[in-house]
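Taking it in order: structure first as structure tokens, then the write-up.
The values are calculated or read from the model by the stated rules, or taken from the named source; none is laboratory data. Keep in mind that this is a model prediction, so the values were computed, not measured. Please note that ligands, DNA and RNA were not included when accessible areas were found on the heavy atoms of the full protein model with its side chains. Shrake-Rupley method; radii C 1.70, N 1.55, O 1.52, S 1.80 Å.
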Amino acid sequence: MNIDDVVKAGIPHSCYPNSGFNTQNELVLIEPSRQGVLITVDYSTLFIGNATNFDCNCGCNGCRNVILGFDQLPVIFQEKYLKLGVAPKNILK
């Protein structure tokens, strides 16, 4: 799954998402689900590098204000996403 596909599907970004895509391109929950809560993905888990960096307006507490490539995320986020299996495929291999 790439960032364009996710945006076209209408899945919004959050700096603190409740889901992500695994290596089989399946959307998986990474937080317990509650009825009525919007499914979100951290777009930073979908690409590497800075060619696609853009402003973030997710509005969550702790928003990073910019969507970065996975390799530019703070290490704490990289480790979290790697542990959850929702990082760019070429990193998870």
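Could you list, in sequence order, all residues of region 38-52 that are of a type in the set (S, T, N, Q) and more than 13 Å from the chain's Cα centre (by Cα)? Within region 38-52, Asn50, Thr52 qualify.
Matching residues to (1) over 14 Å from the mean Cα position of the chain (by Cα); (2) open to solvent by less than 30 Å² (accessible area, probe 1.4 Å); (3) not polar (S, T, N, Q):
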{"site": "Asn25", "(1), (2), (3)": "no, no, no"}
{"site": "Gly36", "(1), (2), (3)": "yes, no, yes"}
{"site": "Phe54", "(1), (2), (3)": "no, no, yes"}
{"site": "Ala87", "(1), (2), (3)": "no, yes, yes"}
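Filtered by the rule that a residue be among the small types (Gly, Ala, Ser) and modelled with pLDDT under 90, region 37-58 gives Gly49, Ala51.
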